[in-house]
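The values are calculated or read from the model by the stated rules, or taken from the named source; none is laboratory data. Nothing here was measured: the structure is a model prediction, and the numbers come from that model. Heads up, the Cβs are rebuilt from the backbone with ideal geometry, glycines too, and the neighbour counts pull from every protein chain shown.
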Amino acid sequence: MKTIIEPFRIKSVEPIRMTTRQERARLIRAARYNLFALQSDDVLIDLLTDSGTGAMSSLQWAAIMRGDESYAGSPSFYRFEAAVKDLMPFAHVIPTHQGRAAESILFDLLGGPGRRIPSNTHFDTTRGNIEASGAMGDDLVIDEGRDPASEHPFKGNMDLARLETYLAEHGPSVPLVMTTITNNAGGGQPVSLENIRATAEIAHKYGKPFVIDGCRFAENAWFIKTREPGQQDRTIPDIVRDCFAVADGMTMSAKKDAFGNIGGWLALNDDDLAEQARAHLILSEGFPTYGGLAGRDLDALAQGLAEIVDEDYLRYRIATNAYIVDRLDAMGVPVVKPAGGHAVFVDARRWLAQIPPLEYPGQALAVALYEIAGVRSVEIGTVMFGRHPDGTETPAAMDLVRLAFPRRTYTQSHADYIVEAFGELARVKDDLKGYRIVKEPKLMRHFTCAFEPL
Ligand code: F0G
């Protein structure tokens, strides 16, 4: 059979509240055109994020009942730790309430004024935490990774030549080298095992620790298995282990590829650094055997890690994206190709060419998609990345709109509805106008800023 089915049955459902286009026009105006300000009951299909929004399995719910809430030494922690170490063989696994808490601890320890931290592309919270420490983040993804139309199989790869030059130039001020798998901000694009190994080698040559932001490690491993020469006959867990074996640490949002509704961790090999991180954890998150999570959450994550590396799941997961990307592509909607892991990315700068980057074409598209179809997406472009710590504003590398798919949550009819919505958008897109920002905070403005239509 050629049809790739959802490899699960549905045991418990949540109703979707239907809304009309008139209602949505009123709601988005009241939200000052920021989709983060909407109530989620007012959204039909919520593709704002794949973070913590997925469906847990029956075995994860069963694991929740098994959770032990002891303050210190809970068996839930040891099951969680064993599940992490089975895939990512780090000496120290430090649980946090989500990924950004792990980032905050890491950059409090290694960041600071005058320091520079390179990555393929830092995600927004990563960059936010780096900048909050006084350091600077630099994105060194390969050129193909900034070209939505390039069909390179590993568009998340680090530009190794640039990394070498960068380290030769800024060496003393660089405390660590990072790589994000998959490259979320760059279109959910994967990083090859070869590139991960080469990045680690260059980092180590300059005496720098190499840290992986592993949020979507399983999707990345699926792309390695299906696209990288010589990897086809290997298991997903083996590929995952190879990716992390060359790293000195990782940050993780367990709300992505651990099937959690909440959770994260910081893993490290260095004993001294881990000790400092745990001291920090106790101040800000909790005791090292729960670190900001309930015992039941740790058990749900342990089970989730066993499920996320299942090939039937990953095949279906990636096929959902490819299904939508292929249809949008056939309709002439410019999408980031090839399809990424967790999301479909639409190139709003190209599709709404009448709107200049500093008038936020991605925001215009995301607002129109909500009004027309009740689908919530997120701008990943100049709103998110355009404002700099020195107060200047420049266009981001790309103006994308991301449709991120919660794991195991929506079905193919939802996908068909989204494709139809883009058909409607195609009719009106040339008349869409840009926005201006009328109120914004200093850091990470996209979450809370207010817009006015131009
Ligand atoms: N790193 C990456 C690559 C991410 O995608 C995220 C979260 C984080 C770190 C932070 O993790 O949310 O658990 O604190 N990304 C979500 C998203 C929010 O919508 O892409 P967190």
With aliphatic (A, V, I, L, M), part of a loop (DSSP other than H, G, I, E, B) and surrounded by fewer than 18 Cβ atoms within 10 Å (Cβ to Cβ) as the only criterion, which of 55, 82, 72 stands out? 72
Look through 165, 235 and report the one residue that is more than 28 Å from residue 52 (Cβ to Cβ) and of a type in the set (Ser, Thr, Tyr). 165
Residue that is touching a Leu at 6+ places or on another chain (Cβ under 6 Å), closer than 27 Å to residue 341 by Cα and within 16 Å of the ligand (Cβ to nearest atom), where the choices are 364, 368, 404: 404
Could you check how many residues of the range 436-454 are part of a loop (DSSP other than H, G, I, E, B) and more than 14 Å from residue 363 (Cα to Cα)? 5
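Let me confirm something: among 118, 113, which residue is surrounded by fewer than 24 Cβ atoms within 10 Å (Cβ to Cβ) and at pLDDT 95 or above?
From the options 118, 113, the qualifying one is 113.
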Test for residue 371: is it surrounded by 22 or more Cβ atoms within 10 Å (Cβ to Cβ) and among the acidic types (Asp, Glu): no
Out of 367, 346, 325, report the one residue that is of a type in the set (Val, Ile, Thr), in a strand (DSSP E or B), assigned by TED's automatic domain parsing to the domain that holds residue 43 and within 23 Å of residue 415 (Cα to Cα). 346
Taking residue 301 as meeting all but one of (1) buried (at least 22 other Cβ atoms within 10 Å of the Cβ); (2) more than 16 Å from the ligand (Cβ to nearest atom), write down the number of the exception. (2)
Under 8 Å by Cβ, and 6 or more places apart or on different chains, what pairs join a residue from the range 255-268 that is under 22 Å from residue 245 (Cα atoms) and acidic (Asp, Glu) with one that is within 8 Å of the ligand (Cβ to nearest atom) and part of a loop (DSSP other than H, G, I, E, B)? 257/215; 257/216
